[in-house]
Each structure stands twice: as C-alpha cells, then as structure tokens.
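Q: What follows is a structure written as structure tokens; I'll ask about it next.
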Amino acid sequence: MPPSEPTTSELVPDPAPTEGPPPVVLPVARPVERDFEHVYEDEFDFDDTPRKPRRMALYVRLMLAGMALGFTAVLLTALCLDPYEKADDGAYVVAEDGSRVAKTQETHRQLGLPRCSSMEWYGKPCPACGMTTSFALLTEGDVVNSLKANWVGTLLCATLIVLTPWLLACAIRGRLVWVRNGELFSTIILSSLLLLMTGRWAWIMFVN
C-alpha cells in the first residue's frame, strides 16, 4: 500500500507565535524644588524619596541679609523723624483732647528733600504723598494717624517690619522659611502694594 501523501498542514509547520517588541517606557522629568523656583532635573530619577531642600547660594543669602539691613535702615530713619505739627516757638500743637496733632504729609522734608512737585504744580498729592509720614507715625505707635496720612504706607511699613526678621532667618538658615516659592511670594506682595497705592491715588485725584 503506497504511503499516503502528506497534507498541507503536515508539510508547512505552524508559524511560531510572534511577540511584539516590549513596550518602551520613556522617562519623564519631574519638577524639583530649588532655591526660588521649580526646575526640571537634567537626569531622570524615579526615586520618590522626599529630598531635603538645597541650601541657597552664598550670594543669595548675602542679598537677603542686605535687604534686611536696608529695611532696618528705613525703619530706623522713620523712627528718627518727627511726624507731629509744631508751632513757631517749637512747641507741639495740641488738640482739644490733649493729643499732639499729627501731620498728613511733608515729613520727608526733614531729610532735606524738596516739596512734592505734584502738590506744587497741580495742588494734588502724588501716589507716595504721606508715605514717609505714615511710616514715622506707625513707628511711634500712632496707628490711627498713620492710616489717615497714607494707609498704603501703613501697610508697607508693617510689611517691612514683618519681612525684616524673615529675611534674616532665611539668610541664616540658607533656605526659605514658611514659603515654597519665593518669586511668587515677592510678586504677590509687590503687585498688591502697587495696585493699592495706584488705586488710592486715583481715588484722591478723580473721586475725592
């Protein structure tokens, strides 16, 4: 009996199961907190262990210390100024309740500075009018009259009083204290004060 012819399935072996290339997982750079901003690492690192914040560079610490010293000088200068009205004989002008009458502006002239040009030319105060007086009154503890002179100046002076020890602490420790993003923090403070100062001036010029 002749051998049977092989079938097609017997002649052609079943193809081996093909496996595709393994999936490629691309590493993704993750943001890392540095001194003042969020930056991305050059080297990929998948370690999720919390890292201790890097210490500031020496020049950054010196800059913060210099700012603290500058703010201290401003506050000491304001403390040395006399923000109360005086009569021609040098005696303080006293109100009916016995308190000294506070100035509302031009305390800066005690530093040898000229009168406000806006007041001379237009008879209207500039955005910074009363700022020095409000500083001097707040350092005297006269909060009410400081707000009357320039309430934005009162806020600015209080901000400097708070920021001065904070800047010193950051400079000594070498990292930001209680703040995660220094650039955002400073931007919010500066923009808020500028907006308030401009808004107060616009109210005086066009509404009041």
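The values are calculated or read from the model by the stated rules, or taken from the named source; none is laboratory data. Everything numeric in this text was worked out from a predicted model, so none of it was measured. All Cβ positions, glycine included, derive from the backbone under ideal geometry; neighbour counts span all protein chains shown.
Q: For the subset of the stretch 62-78 comprising residues that are touching a residue at least 24 places away in the same chain (Cβ under 8 Å) and among the aliphatic types (A, V, I, L, M), which member is surrounded by the fewest Cβ atoms within 10 Å (Cβ to Cβ)?
A: Step one: filter the stretch 62-78 for residues touching a residue at least 24 places away in the same chain (Cβ under 8 Å), giving 62, 64-65, 67-68, 71-72, 74-75, 77-78.
With among the aliphatic types (A, V, I, L, M) added as a condition, the list becomes 62, 64-65, 67-68, 74-75, 78.
Working: Leu62: 12, Leu64: 22, Ala65: 15, Met67: 17, Ala68: 20, Val74: 16, Leu75: 17, Ala78: 23.
Out of the qualifying residues, it is Leu62.
Q: Moving on. Scan the stretch 141-160 and report the pairs whose first residue is over 15 Å from Leu75 (Cα atoms) and modelled with pLDDT of 95 or more and whose second residue is small (Gly, Ala, Ser) and surrounded by 16 or more Cβ atoms within 10 Å (Cβ to Cβ), with Cβ atoms within less than 6 Å and a gap of 6+ or a chain change.
A: What qualifies is Asn145/Ala102; Ala149/Gly130; Ala149/Ser134; Asn150/Gly130; Asn150/Ser134.
Q: Oh, and also: Being touching a helix residue (DSSP H, G or I) at 6+ places or on another chain (Cβ under 6 Å) and at pLDDT 95 or above, is that true of even one residue in the stretch 83-100? Break it down stepwise before answering.
A: Going residue by residue through the stretch 83-100, those that are touching a helix residue (DSSP H, G or I) at 6+ places or on another chain (Cβ under 6 Å) are 83.
With the extra rule that they be at pLDDT 95 or above, the set shrinks to 83.
Taking every residue of the stretch 83-100 in turn, at least one turns out to be touching a helix residue (DSSP H, G or I) at 6+ places or on another chain (Cβ under 6 Å) and at pLDDT 95 or above.
Q: Specify the residue that is farthest from the chain's Cα centre (by Cα); the eligible residues are those in the stretch 191-208 that are at pLDDT 90 or above, surrounded by 11 or more Cβ atoms within 10 Å (Cβ to Cβ) and of a type in the set (A, V, I, L, M, F, W, C).
A: Restricting attention to the stretch 191-208, the residues satisfying the condition of being at pLDDT 90 or above are 191-203.
Next, from what is left, pick out any that are surrounded by 11 or more Cβ atoms within 10 Å (Cβ to Cβ): 192-202.
Now drop any that are not of a type in the set (A, V, I, L, M, F, W, C), which leaves 193-197, 201-202.
On the way: Leu193: 10, Leu194: 12, Leu195: 14, Leu196: 15, Met197: 16, Trp201: 22, Ala202: 24 Å.
That would be Ala202.
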